[in-house]
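Enquirer: Below: one structure in structure tokens.
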Amino acid sequence: MLKLGNIEFNSHLILGTGKFSDTETMIRAIEASGTELVTVALRRFNQDKPDDDLCAPLAQLKNVKLMPNTSGAMNAKEAVRAAQLGRELSGSPFVKVEIHPNPHHLMPDPIETYAAAKELAADGFIVLPYIPADPVLAKRLEDAGCAAVMPLGAAIGSGGGLSTADMIKLIIRDSNIPVIVDAGLRAPSEAARAMEMGCDACLVNSAIAAAKDPAGMAKAFAMGVETGRTARNAGLMPKSDIAIATSPLTSFLG
Amino acid sequence: MDTPYPTTATLPDWLDPTPWLEQSHTAADVRHALGTESPNEETLAALLSPAAAEFLEPMAARAQALTRRHFGRTVQLYVPLYLSSWCSGGCAYCGFASDRQTERHALDYTSVAKELDAIKAMGFEEVLLLTGERCPKADVDYLRDCVRIAAQKFHNVAIEVFPMAEEEYRILAEAGATSVTMYQETYHPETYDLMHRWGPKKDMLNRLEAPARALSGGLRFAGLGALLGLSDPQYDMLALYRHARHLQKTYWQAGLTISFPRIRNEVGGFDAPYPVDEKMLAQIIFAFRICLPDVPLVLSTREGAAFRDGMAGLGISKMSIASKTTVGGYGDAGSEEGQFDVSDARGLHEFCDMLRSKDLEPVFKNWDSTYR
């Protein structure tokens with residue numbers, strides 16, 4: 001069970017909704033994934049033009065909650081405004097704080113993200129910030145009242161996988177809130193590995209949206225996440241690490 | 001009968017070790033624990049189990065490798081100074097308990113300064129100031145003044161005293177204290193109640209929560225430990241581990257250290273109900289190093305020279321030496337009877353020579369007063 005704020009989810013896979021070729025493909029992928037939580041950028045809300053709007057079709061899905069995100073915001077002030085508007089339009093208590101001022105590499109701004117997350121948590125949002133894989137920032141955000149932290153596995157859309165695995169392990173070790181890998185995953189096996197490491201969930205967008213068969217890939221990611229989680233719970237066999245020293249270290253014990 | 005202190009506490013869920021005590025462990029479980037990448041309570045329980053006693057050598061190898069990775073080839077040194085033997089506590093195992101027929105002393109401020117000068121002249125930069133339980137002869141005001149004197153001379157001033165309120169810890173932090181050591185003695189509620197016969201120390205939860213209050217009050221480091229021998233070591237060590245992990249997750253900016261004080265029936269006047277021998281103590285220390293790879297692990301002069309020499313760098317990364325457990329004893333002042341018998345009576349130079357012979361560097365200064 002994945003618990004975010006006071007809301008529980010059976011699925012440990014969260015989907016991003018940008019980058020799909022069309023709305024119908026997106027909906028099929030979401031359904032195939034079994035996800036119960038999707039994130040949608042406020043900038044993709046378009047009430048005036050229904051065929052360009054992502055919010056309304058997602059809102060119709062049963063058993064799927066919406067998490068507006070602040071993608072496009074350059075700083076904390078813009079992100080807070082986007083979050084408030086997103087809550088008003090979607091009715092969702094969730095917000096994914098996403099502030100990446102550089103439009104090329106899209107790396108999250110830790111300073112603005114912290115400021116926005118703190119303000120939004122105090123305002124009653126269930127806040128999930130997208131962050132660099134930084135164990136100190138993760139604890140700061142936990143202290144600020146976030147419901148989870150979402151460190152990146154690699155740059156958005158890069159398919160770089162879990163290049164930050166060592167840092168994510170440190171985040172997991174000391175976190176009291178769920179840790180969700182967001183961005184970078186290319187293959188379901190990487191989602192499985194993230195879950196084996198002890199992540200609580202994975203958020204995937206590009207790898208599914210850009211696949212030849214998005215619905216097929218969505219299903220594969222769901223299986224990857226579930227496989228990794230099951231393996232984690234079953235207890236992975238450790239790597240053999242038992243070396244017997246040639247000169248005994250414990251001879252002084254008699 | 002009404003008592004101002006709860007006599008039997010219930011451990012909070014985050015500390016209770018019982019789910020891991022109910023499991024039995026095989027050699028395969030120990031091998032599994034030795035190779036794990038993410039140690040947890042299950043790992044520690046397996047490494048503390050009787051089955052792991054057959055794995056001391058591979059545990060030592062792993063403990064040494066982890067110690068080198070996180071601390072290099074160094075051992076940090078400190079020395080204790082007992083300020084006072086006055087005590088309101090009734091600890092059944094302690095030489096300074098309030099019913100013991102022993103002459104009581106408390107160093108006056110002039111003597112404190114002289115003792116600290118003598119310690120400083122030896123080369124130490126970290127001093128641990130100790131008192132008994134709260135009493136008028138050694139209260140918070142006295143401690144504050146002693147800390148101030150010490151902070152003028154030493155970069156790192158640690159205190160091992162009675163549990164206080166957060167505000168009192170803040171007073172000591174502002175006076176210059178950086179670290180607090182607070183051994184729970186035992187985490188087992190019934191044993192705790194039995195061993196602490198009267199006085200404020202009867203309040204188990206007050207003591208349990210003291211490190212958290214100290215960290216909230218501005219102390220940077222907290223030292224934890226349980227007095228081995230009082231209760232089932234597996235119970236106490238699992239609870240100690242859980243206590244440390246809880247503090248790591250909650251006070252994530254704080255530094256922790258863990259010590260392994262042990263009642264030794266052969267050198268004291270108190271027979272430990274659960275005696276821990278050297279092999280078991282080594283197993284415990286290896287297990288902690290494996291499960292908490294980056295936490296400094298401390299061994300005092302309660303242990304003998306041969307054991308300390310063997311454990312230096314083999315899990316242990318911080319040690320006291322040239323210690324007196326009498327009140328004072330480094331300068332002019334000094335009482336005759338100590339809180340416990342020192343088993344490693346070597347001088348500082350001899351001890352440092354030993355460390356160097358093992359390719360370990362003795363480190364005296366690992367903190368700077370600029371940070372307070």
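The values are calculated or read from the model by the stated rules, or taken from the named source; none is laboratory data. Given the structure is predicted, the values throughout are model-derived calculations rather than measurements. Positions of Cβ are backbone-derived with ideal geometry, glycine not excepted, and every protein chain shown enters the neighbour counts. Only protein heavy atoms, including side chains, enter the accessible area calculation; ligands, DNA and RNA are left aside. Shrake-Rupley method; radii C 1.70, N 1.55, O 1.52, S 1.80 Å.
Enquirer: Return the long-range amide H neighbours of B:Leu228 (sequence gap of 5 or more, or a different chain), with a cut-off of under 5 Å between placed amide H atoms.
Expert: Residues meeting the amide H criterion: B:Arg262, B:Ile263.
Enquirer: Assuming R0 = 45 Å, what is the FRET efficiency of A:Ala211 and B:Glu167, from their Cβ-Cβ distance, to the nearest 0.05?
Expert: Here the calculated transfer efficiency is 0.15.
Enquirer: With +1 on each Lys and Arg Cβ and -1 on each Asp and Glu Cβ, and nothing else charged, work out how big the dipole of the range A:1-136 is about its Cα centre, in Debye to the nearest 20.
Expert: Result for the range A:1-136 is approximately 160 debye, rounded to the nearest 20.
Enquirer: What does the helix-only formula give at 222 nm for chain B: each DSSP H stretch with n ≥ 4 adding -39500 (n - 2.57), the total divided by the residues, and the result rounded to the nearest 500 deg cm²/dmol?
Expert: Calculated at 222 nm, the ellipticity per residue is -11500 deg cm²/dmol.
Enquirer: Which residue fluctuates most in the GNM of chain B (Cα springs below 10 Å): B:Phe96, B:Phe307, B:Phe288?
Expert: Result: B:Phe307 has the largest fluctuation of those listed.
Enquirer: Can you give the FRET efficiency to the nearest 0.05 for B:Arg356 and B:Asp294, using r as the Cβ-Cβ distance and R₀ = 25 Å?
Expert: 0.55
Enquirer: Tell me the mean residue ellipticity at 222 nm calculated for chain A from its helices only (DSSP H runs of n ≥ 4, each -39500 (n - 2.57), averaged over every residue, nearest 500).
Expert: One gets -11500 deg cm²/dmol as the mean residue ellipticity at 222 nm.
Enquirer: Follow-up question, since we're still on this one. Among the lysines, which have Cα under 21 Å from the Cα of B:Lys202 when same-chain residues fewer than 8 positions away are ignored?
Expert: B:Lys137
Enquirer: Step through the table entries A:Lys49/A:Lys118; A:Lys19/A:Lys219; B:Lys153/B:Lys365, compare each Cα-Cα distance with 22 Å, and write down the pairs that go over it.
Expert: With Cα atoms farther than 22 Å apart: A:Lys49/A:Lys118.
Enquirer: Order B:Tyr93, B:Tyr371, B:Tyr78 by their accessible area, 1.4 angstrom probe, all chains in place, largest first.
Expert: Solvent-accessible surface, decreasing: B:Tyr371, B:Tyr93, B:Tyr78.
Enquirer: Same structure, new question: Return the unpartnered cysteines for the protein assembly as shown, using a Cβ-Cβ cut-off of under 4.7 Å.
Expert: So, A:Cys55, A:Cys146, A:Cys199, A:Cys202, B:Cys87, B:Cys135, B:Cys146, B:Cys291, B:Cys352.
Enquirer: Taking a label point 7 Å from the Cα of B:Thr10 along the Cα→Cβ vector, which residues of the range B:198-228 have an amide N closer than 19 Å to it?
Expert: Within reach of a label on B:Thr10, which here means backbone N under 19 Å from a point 7 Å along Cα→Cβ, the range B:198-228 contributes B:203-209.
Enquirer: Tell me, what is the percent relative contact order of chain B, built from C-alpha pairs under 8 Å that lie six or more residues apart?
Expert: 25 percent
Enquirer: With every protein chain present, what accessible area does A:Cys199 have (1.4 Å probe, heavy atoms only), rounded to the nearest 10 Å²?
Expert: For A:Cys199, the solvent-accessible surface is approximately 10 Å².
Enquirer: Note down the net charge around A:Ala231, summing +1 for each Lys or Arg and -1 for each Asp or Glu among other residues with Cβ under 11 Å from its Cβ.
Expert: That sum, taken over residues with Cβ under 11 Å, equals +1.
Enquirer: While we're looking at this one, here's another question. So how far apart, in nm, are the two label points at A:Ala59 and B:Glu337 if each is 7 Å from Cα heading toward Cβ?
Expert: 8.0 nm
Enquirer: Leaving out ligands, DNA and RNA, calculate the buried accessible area for the pair A and B with a 1.4 Å probe, summed over both sides, in Å² to the nearest 100.
Expert: What A and B bury together is about 2200 Å².
Enquirer: Using the Karplus curve 6.51 cos²θ - 1.76 cosθ + 1.60 with θ = phi - 60°, what ³J(HN,Hα) values do you get for each residue of the range B:174-181, in whole Hz, with x for Gly and Pro?
Expert: 5, 6, x, 7, 10, 10, 10, 10
Enquirer: No solvent, one uniform scatterer per C-alpha: report log10 I(q)/I(0) for the range A:73-134 via the Debye equation at q = 0.12, 0.13 1/Å, two decimals.
Expert: Log-scaled intensity ratios, in q order: -0.25, -0.30.
Enquirer: Now for a separate question. In what order, largest first, do B:His25, B:His243 sit by accessible area if the probe radius is 1.4 Å?
Expert: From most exposed to least exposed: B:His25, B:His243.
Enquirer: Ignoring everything but the protein chains, give the 1.4 Å probe accessible area of B:Phe351 in square angstrom, nearest 10.
Expert: Surface open to solvent at B:Phe351 totals about 0 Å².
Enquirer: Still on this structure, I have one more. Along the range B:303-316, what does the Karplus equation 6.51 cos²θ - 1.76 cosθ + 1.60 (θ = phi - 60°) give for ³J(HN,Hα), rounded to whole Hz, x for Gly and Pro?
Expert: For the range B:303-316, the Karplus curve yields 8, x, 4, 5, 5, 5, 4, x, 8, 4, x, 9, x, 6 Hz.
Enquirer: Each residue of the range A:115-121 in order: what ³J(HN,Hα) in whole Hz does its phi give by Karplus 6.51 cos²θ - 1.76 cosθ + 1.60, θ = phi - 60°, with x for Gly and Pro?
Expert: Computed from phi, the couplings for the range A:115-121 are 4, 5, 4, 5, 5, 6, 5 Hz.
Enquirer: Longest segment of chain B with no GluC sites (Glu not before Pro) in a DSSP loop having at most 16 other Cβ atoms within 10 Å?
Expert: B:104-208
Enquirer: Let me ask something else. Given H placed 1.01 Å from N in the peptide plane, which residues other than close sequence neighbours of B:Gly132 have an amide H under 5 Å from its amide H?
Expert: Those qualifying (amide H under 5 Å, at least 5 residues apart or on another chain) are B:Ser84, B:Trp86.
Enquirer: OK, next. Quick check on the protein assembly as shown: what does the Kirkwood estimate of hydrodynamic radius come out to from the alpha carbon pairs, in Å?
Expert: 26.9 Å
Enquirer: Right, here's the next one. Enter the accessible area per residue of the range A:44-100 (Å², integer; probe 1.4 Å; all protein chains in place).
Expert: Ligands and nucleic acids excluded, the figure is 52 Å² per residue.
Enquirer: Okay, next question. I want to make sure I understand the PRE zone here: with the label point 7 angstrom from the Cα of A:Lys77 toward its beta carbon, which residues in the range A:98-125 have backbone N atoms less than 20 Å away?
Expert: A:98-103, A:109-123
Enquirer: Restricting to the protein assembly as shown, compute how many DSSP beta bridges are antiparallel as a %, nearest 5.
Expert: 10 percent
Enquirer: Right, here's the next one. Please list, ordered by chain and number, the residues whose modelled amide H lies under 5 Å from the amide H of B:Val75; skip anything fewer than 5 residues away on the same chain.
Expert: Here the answer is B:Glu361, B:Val363, since their amide H atoms fall under 5 Å of that of B:Val75.
Enquirer: Hey, any idea what Rg/Rh is for chain A, computing Rh the Kirkwood way over Cα pairs?
Expert: 1.04
Enquirer: For B:Lys279, go through the lysines and keep the ones whose alpha-carbon is under 30 Å away, minus same-chain ones fewer than eight residues off.
Expert: Filter leaves A:Lys239, B:Lys318, B:Lys324, B:Lys358.
Enquirer: Still on this structure, I have one more. About its Cα centre, how strong a charge dipole does chain B have in debye, to the nearest 20, once Lys and Arg get +1 and Asp and Glu get -1 at the Cβ?
Expert: So the magnitude is around 940 debye.
Enquirer: Taking each residue of B:246-255 in turn, how many C-beta atoms of other protein chains fall within 10 Å of its C-beta, and what is the average?
Expert: Counting other chains' Cβ atoms within 10 Å and averaging over B:246-255 gives 3.
Enquirer: Sorted by accessible area with a 1.4 angstrom probe, largest first, how do B:Ser323, A:Ser251 fall?
Expert: Ranked list, largest accessible area first: A:Ser251, B:Ser323.
Enquirer: Turning to a different aspect of this structure: May I ask you to derive the FRET efficiency for B:Glu22 and B:Ala345 from their Cβ-Cβ distance with R0 = 51 Å, giving the value to the nearest 0.05?
Expert: It comes to 0.75.
Enquirer: Then there is this: Hey, rough spin-label estimate for B:Lys365 and A:Ala165, points 7 angstrom out along Cα→Cβ, what's it come to in nanometres?
Expert: The two pseudo-label positions are separated by 4.2 nm.
Enquirer: Enter the accessible area of B:Lys153 (Å², nearest 10), with the probe set to 1.4 Å and all protein chains included.
Expert: 50 Å²
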